[in-house]
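What follows is a short report on a single structure.
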Amino acid sequence: MLAWFDENRRDLPWRRTSDPYAIWVSEIMLQQTQVATVIPYWHRWMEQFPTVESLAAADEQAVLALWQGLGYYRRCRLLLQGAQWVAEHGMPNTAAELLKVPGIGPYTAGAIASIAFNQPTPLVDGNVERVFARLMGDTGVGQELHDSAWVWAKRNLYKKRPGDWNQALMELGATVCRPVAPDCKGCPVADKCVAFQSWRVDELPRKAAKVTTVKLQHVVWVPMLGDKFGVKQIPAGQWWEGMWEFPRVDADGTLEPIQLREMVGQGWKQDVGTVKHSVTHHRITIEVSFVQCDEAAPNLRWVSRQEILEIPMPAPQRKALKLVFSHLGL
Ligand code: SF4
């Protein structure tokens with residue numbers, strides 16, 4: 001495994017450093033996001049917040065704005081809280097201590113401890129779980145599979161090079177033992193792989209029951225007063241809390257014009273089209289209208305075109321804005 005990894009490891013920017021903060025940032029960004037998407041974000045992030053102290057001192061709005069487009073904003077908020085904790089208490093160097101940092105769970109603790117501090121700590125992510133299920137022919141699903149993978153990862157950790165070993169397992173899952181069409185012929189452990197030897201690669205890991213898709217319909221009005229846009233901050237406890245959005249309501253076919261008119265005030269309204277957005281198991285359809293307002297509604301913050309590109313906004317709202325920009329020829 002390690003010989004294969006030494007030869008085939010991808011040259012990723014966070015692999016050129018042993019800075020625990022830089023590795024931590026990459027691990028959080030990589031959760032549920034592809035490597036190719038993360039690379040430019042990671043570079044921008046490290047330029048703007050090169051140290052854990054610089055992140056700890058940053059304003060949440062600036063941090064969210066930089067994260068914009070990566071989605072799952074809870075990760076970003078927790079990274080900020082974690083940085084504030086580390087700035088106060090110092091950076092732990094063992095997995096057990098790292099678990100005290102807000103936002104750091106067993107996987108991230110294992111990654112930072114083994115990669116940055118060479119601690120003999122295992123880790124399991126989706127890639128390791130898949131490699132384990134196939135290699136060992138494990139037929140568990142969900143939490144059961146996850147727990148078994150942790151036990152296996154702990155037992156089989158190569159303690160002389162724990163960071164490289166963990167990365168080798170993840171790299172194998174990401175590039176060879178892929179979810180679909182794994183390259184078993186190019187796999188360094190094919191001769192030991194239960195799934196490959198028993199023709200069950202396509203059956204493992206077994207799939208958990210499918211999560212039902214939830215369809216949501218929203219109506220969004222994009223208010224403009226002169227060359228400024230009206231936005232409101234999303235309250236705490238709601239999806240995308242703390243970010244900014246245009247007035248939005250759930251579409252039930254009856255009350256939305258009244259509710260939105262109350263938020264936006266009087267003006268000339270025009271429908272501009274529909275945008276669609278998928279996040280986790282939600283499919284959101286948004287009917288977008290543009291409103292040229294007669295006066296500034298007091299509950300909205302009025303921002304310039306430049307500002308609206310900089311403030312943190314949820315991805316579906318960005319799509320609505322893009323549609324309005326193209327409608328107005330901006
Ligand atoms: Fe995965 Fe195939 Fe290698 Fe088994 S032989 S670990 S299924 S790539």
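The values are calculated or read from the model by the stated rules, or taken from the named source; none is laboratory data. Just so it is clear, the model here is predicted, and its values are computed rather than measured. Don't worry about glycine lacking a Cβ; one is built from the backbone with ideal geometry, like all the others, and counts go over all protein chains shown. Heavy atoms of the whole protein, side chains included, go into the accessibility calculation; ligands, DNA and RNA do not. Shrake-Rupley method; radii C 1.70, N 1.55, O 1.52, S 1.80 Å.
Could you list, in sequence order, the residues of the range 14-27 that are surrounded by 14 or more Cβ atoms within 10 Å (Cβ to Cβ) and not β-branched (Val, Ile, Thr)?
TRP14, ARG15, ASP19, PRO20, TYR21, ALA22, TRP24, SER26, GLU27
Only one of these is in the same structural domain as GLU171 (by TED's automatic domain parsing), open to solvent by 10 Å² or more (accessible area, probe 1.4 Å) and under 24 Å from the mean Cα position of the chain (by Cα): GLU129, GLU144. Name it.
Matching residue, one of GLU129, GLU144: GLU129.
Please work out which one of (1) open to solvent by less than 40 Å² (accessible area, probe 1.4 Å); (2) in the same structural domain as ILE286 (by TED's automatic domain parsing) is the condition ASN166 fails and give its number.
All conditions pass for ASN166, except number (2).
Those residues that are outside any helix (DSSP H, G or I) and either of a type in the set (Gly, Ala, Ser) or within 16 Å of the ligand (Cβ to nearest atom) (or both), I need them from the range 101-139; list them, please.
Hits for the range 101-139 are GLY103, GLY105, VAL124, ASP125, GLY137, ASP138, THR139.
Could you list, ordered by first residue, the pairs with Cβ atoms under 6 Å in which the first is in the range 162-189 and under 18 Å from ASP125 (Cβ atoms) and touching a residue at least 60 places away in the same chain (Cβ under 8 Å) and the second is within 12 Å of the ligand (Cβ to nearest atom) and assigned to a helix (DSSP H, G or I), at least 6 apart or interchain?
Close Cβ pairs (under 6 Å, with a partner that is within 12 Å of the ligand (Cβ to nearest atom) and assigned to a helix (DSSP H, G or I)) amount to LEU169/VAL128; LEU169/VAL131; LEU172/VAL131; ALA174/ASN127.
State which residue is most open to solvent (accessible area, probe 1.4 Å) when the search covers only the range 267-300 and only residues that are among the small types (Gly, Ala, Ser) and within 29 Å of VAL214 (Cα to Cα).
Across the range 267-300, the extreme among qualifying residues is SER278.
State whether the residues of the range 98-106 include one that is of a type in the set (D, E, K, R), outside the structural domain of PHE5 (by TED's automatic domain parsing) and open to solvent by 40 Å² or more (accessible area, probe 1.4 Å).
No; the residues of the range 98-106 include none that is of a type in the set (D, E, K, R), outside the structural domain of PHE5 (by TED's automatic domain parsing) and open to solvent by 40 Å² or more (accessible area, probe 1.4 Å).
Return the residues of the range 177-197 that are more than 30 Å from the chain's Cα centre (by Cα) and near the ligand (Cβ under 6 Å from one of its atoms); say none if nothing qualifies.
VAL189, ALA190, CYS193, ALA195, PHE196
Could you count how many residues in the range 250-266 are surrounded by 18 or more Cβ atoms within 10 Å (Cβ to Cβ) and either touching a helix residue (DSSP H, G or I) at 6+ places or on another chain (Cβ under 9 Å) or under 25 Å from THR213 (Cβ atoms) (or both)?
Looking only at that region, the number is 1.
Residues of the range 206-234 being assigned to a loop (DSSP other than H, G, I, E, B) and open to solvent by 30 Å² or more (accessible area, probe 1.4 Å), which ones?
ARG206, LYS207, ALA208, ALA209, LYS210, VAL211, THR212, THR213, GLY226, ASP227
Here is a yes/no grid of residues against (1) closer than 15 Å to ILE311 by Cα; (2) open to solvent by 70 Å² or more (accessible area, probe 1.4 Å); (3) not in a helix (DSSP H, G or I):
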position	(1), (2), (3)
MET29	no, no, no
GLN32	no, yes, yes
VAL38	no, no, no
TRP42	no, no, no
GLU47	no, yes, no
ALA58	yes, no, yes
VAL63	yes, no, no
LEU66	yes, no, no
LEU70	yes, no, yes
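When the residues of the range 147-158 are narrowed to those that are of a type outside the set (A, V, I, L, M) and surrounded by 14 or more Cβ atoms within 10 Å (Cβ to Cβ), which ends up farthest from ILE115 (Cα to Cα)?
For the range 147-158, the residue satisfying everything is SER148.
So which of ALA62, ALA56, ALA116 is in contact (Cβ under 8 Å) with a residue 60 or more places away in the chain and among the hydrophobic types (A, V, I, L, M, F, W, C)?
So the residue among ALA62, ALA56, ALA116 that is in contact (Cβ under 8 Å) with a residue 60 or more places away in the chain and among the hydrophobic types (A, V, I, L, M, F, W, C) is ALA116.
Quick test for you: out of GLY226, GLY273, pick the one residue that is more than 16 Å from the ligand (Cβ to nearest atom) and free of Cβ contacts under 8 Å to residues at least 24 places away in the same chain.
GLY226
Among the residues of the range 83-121, how many are farther than 22 Å from PRO13 by Cα and not acidic (Asp, Glu)?
Residues meeting the conditions: 20.
Could you tell me whether ARG161 is loosely packed, with under 11 Cβ neighbours inside 10 Å and within 30 Å of PHE117 (Cβ to Cβ)?
For ARG161, the condition - loosely packed, with under 11 Cβ neighbours inside 10 Å and within 30 Å of PHE117 (Cβ to Cβ) - is not met.
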